[in-house]
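Report on the structure given below.
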Amino acid sequence: MRTYFASVSILLVAGLFGCSKESGSGAGPRPPAPVETAPVETGTIRSIRTFGGALEPRAAFMVSPKTGGRLEEVLVDIGDSVKRGAVVARLDDDEYRQDVAQAEAELLVARANLAEAESALEIALRAMERTETLSKRGVASEAELDAARSQLLAREAGVEVQKAQITRAEAAVEVARIRMGYSAVAALWADDDISRVVAERFVDEGQTVSANTPLLEIVDLDPLLGVFYVTEKDYANLKSGQQVQVHTDAYPGEGFMGRIERIAPVFHQNSRQARVEIAVPNGDLRLKPGMFIRADVEVRRLDDAVIVPAESIVTRSDMQGIFLVAPDGQHAQWRTVKAVIREGKRVEVLGEGLIGRVITLGQQLIEDGSAINVVDGGRVKLDEDVP
């Protein structure tokens with residue numbers, strides 16, 4: 001209502017000014033111009049730069065089988081929470097079970113062969129002992145003794161060969177069991193995150209897949225990664241650890257705090273921009289990867305700045321300035337200023353003698369030294385109001 005009366009008053013007075021110019025020099029003195037004012041403040045102001053970007057998962061893990069086969073079962077779907085190490089899919093393992101059974105059978109054969117070889121060694125050892133006894137008595141010849149020794153060495157070698165066969169068979173069983181284990185596809189990401197969320201599912205049950213075929217994408221949603229790009233002009237004002245307020249259209253009027261985590265040390269040759277990554281806590285999982293964001297970064301802060309309303313700044317004769325209310329409260333004083341930082345509707349200005357009250361409405365009716373009539377309580381104080 002106050003602005004409405006002031007605007008009406010300004011239009012009325014402007015009309016009176018036009019009439020007085022047309023009526024010639026005998027029209028009398030120009031009446032005071034109605035204006036609105038605001039105090040010149042000294043306080044804190046911040047320079048906020050807003051960058052557009054998008055949210056990305058901080059980490060993404062692609063689940064793939066280590067072996068091929070028919071996909072028998074997928075245990076999770078999009079949006080499901082998955083714990084680290086959990087089995088998320090199974091392949092048909094009939095063939096692998098047969099491989100395990102065959103390897104185990106071959107191991108049994110190798111162990112039986114070892115038992116046979118050890119028995120033969122025992123017999124050869126006793127034969128050797130008898131031959132040595134007979135040789136000492138002169139009954140057995142040197143040739144018979146050499147033959148007994150040769151037989152003993154052969155049996156000992158046969159035992160070692162069978163032991164090696166058992167080792168190879170045991171390894172084959174272990175390999176077959178490992179391959180059978182590959183049929184149970186687990187989510188084993190490298191980080192220590194306890195759980196993540198399924199973001200994408202690429203296959204359906206019954207499909208035949210090969211090794212390393214992507215089955216699922218599992219992502220970490222807390223924290224998320226906000227990514228935006230900056231030009232050389234803004235690059236120098238950013239640093240790691242700097243606080244950032246993130247806004248998204250999904251939650252209008254609400255901000256999410258984050259911080260700059262990484263700043264790329266190089267600029268892309270095509271865009272001449274550098275990548276900036278911010279960590280955005282997302283404990284309630286309201287934010288999602290792919291959302292567009294606006295990242296507000298405080299690039300400068302002053303605690304003792306001279307601040308005026310943005311609407312008070314005008315341009316006269318290619319010079320930027322403001323009108324102050326003179327100490328007598330009845331005249332306007334022009335002050336040339338330089339606008340430095342703008343935060344919303346507040347602007348930091350530099351200049352001389354910037355104290356008191358600044359005119360925010362009605363500047364088009366005045367010049368330096370013009371008589372003014374300050375709006376009071378939403379209406380102009382006219383001469384007839386004075387008793």
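Name the residue that is surrounded by the fewest Cβ atoms within 10 Å (Cβ to Cβ), counting only residues in the range 168-220 that are part of a strand (DSSP E or B) and either of a type in the set (Asp, Glu) or on the phi > 0 side of the Ramachandran plot (or both). Going through the qualifying residues, I end up with Glu200.
In the range 227-246, what residues are among the charged types (D, E, K, R) and in contact with a Gly (Cβ under 6 Å, 6 or more places away or on another chain)? Spell out the reasoning first.
First, the residues of the range 227-246 that are among the charged types (D, E, K, R): 232-234, 239.
Hits for the range 227-246: nothing passes.
Here is a check on your reading of the model: is Glu277 within 23 Å of Asp234 (Cβ to Cβ), of a type in the set (Asp, Glu) and modelled with pLDDT under 95?
Working: within 23 Å of Asp234 (Cβ to Cβ): yes; of a type in the set (Asp, Glu): yes; modelled with pLDDT under 95: no.
Against the criterion (within 23 Å of Asp234 (Cβ to Cβ), of a type in the set (Asp, Glu) and modelled with pLDDT under 95), Glu277 does not qualify.
Residue pairs whose Cβ atoms lie under 6 Å apart, separated by 6 or more positions or on different chains, with the first residue in the range 83-112 and free of Cβ contacts under 8 Å to residues at least 60 places away in the same chain and the second in a helix (DSSP H, G or I) and surrounded by 15 or more Cβ atoms within 10 Å (Cβ to Cβ), are Ala110/Gln165; Ala110/Ile166; Ala110/Ala169; Arg111/Ile166. If you go through the range 143-157 and keep only what is out of contact with any Asp or Glu (no Cβ under 9 Å at 6 or more places or on another chain) and either small (Gly, Ala, Ser) or not assigned by TED's automatic domain parsing to the domain that holds Ala117 (or both), you end up with Ala143, Ala147, Ser150, Ala154, Ala157. Scanning the range 351-384 for residues that are charged (D, E, K, R) and either in contact with a strand residue (DSSP E or B) (Cβ under 7 Å, 6 or more places away or on another chain) or at pLDDT 90 or above (or both) gives Glu352, Arg357, Glu367, Asp368, Lys381.
Looking at the range 324-354, which of its residues are in contact with an Asp or Glu (Cβ under 6 Å, 6 or more places away or on another chain) and over 23 Å from Val375 (Cβ atoms)?
So the first thing to find is which residues in the range 324-354 are in contact with an Asp or Glu (Cβ under 6 Å, 6 or more places away or on another chain), and the list is 334, 340-341.
Correct list: Val340, Ile341.
For the range 174-212, which positions are among the hydroxyl-bearing types (Ser, Thr, Tyr) and closer than 18 Å to Glu72 by Cα?
So the first thing to find is which residues in the range 174-212 are among the hydroxyl-bearing types (Ser, Thr, Tyr), and the list is 182-183, 195, 208, 210.
Across the range 174-212, the qualifying residues are Tyr182, Ser183, Thr208, Ser210.
For Val306, the criteria (1) closer than 30 Å to Val337 by Cβ; (2) part of a loop (DSSP other than H, G, I, E, B) hold in every case but one, which is (2).
Do we find that Thr213 is hydroxyl-bearing (Ser, Thr, Tyr) and touching a residue at least 60 places away in the same chain (Cβ under 8 Å) in this structure? Judged against the criteria, Thr213 is a match. Could you tell me whether the range 228-249 includes any residue that is surrounded by fewer than 16 Cβ atoms within 10 Å (Cβ to Cβ) and touching a residue at least 60 places away in the same chain (Cβ under 8 Å)? Yes; the residues of the range 228-249 include at least one that is surrounded by fewer than 16 Cβ atoms within 10 Å (Cβ to Cβ) and touching a residue at least 60 places away in the same chain (Cβ under 8 Å). Taking (1) surrounded by 14 or more Cβ atoms within 10 Å (Cβ to Cβ); (2) without any contact (Cβ under 8 Å) to a residue 24 or more places away in the chain in turn, Gly253 satisfies each apart from (1).
The values are calculated or read from the model by the stated rules, or taken from the named source; none is laboratory data. In this text, all values refer to a predicted model and were calculated from it rather than measured experimentally. Ideal geometry is used to build each Cβ from the backbone, glycine not excepted, and the neighbour counts take in all protein chains shown.
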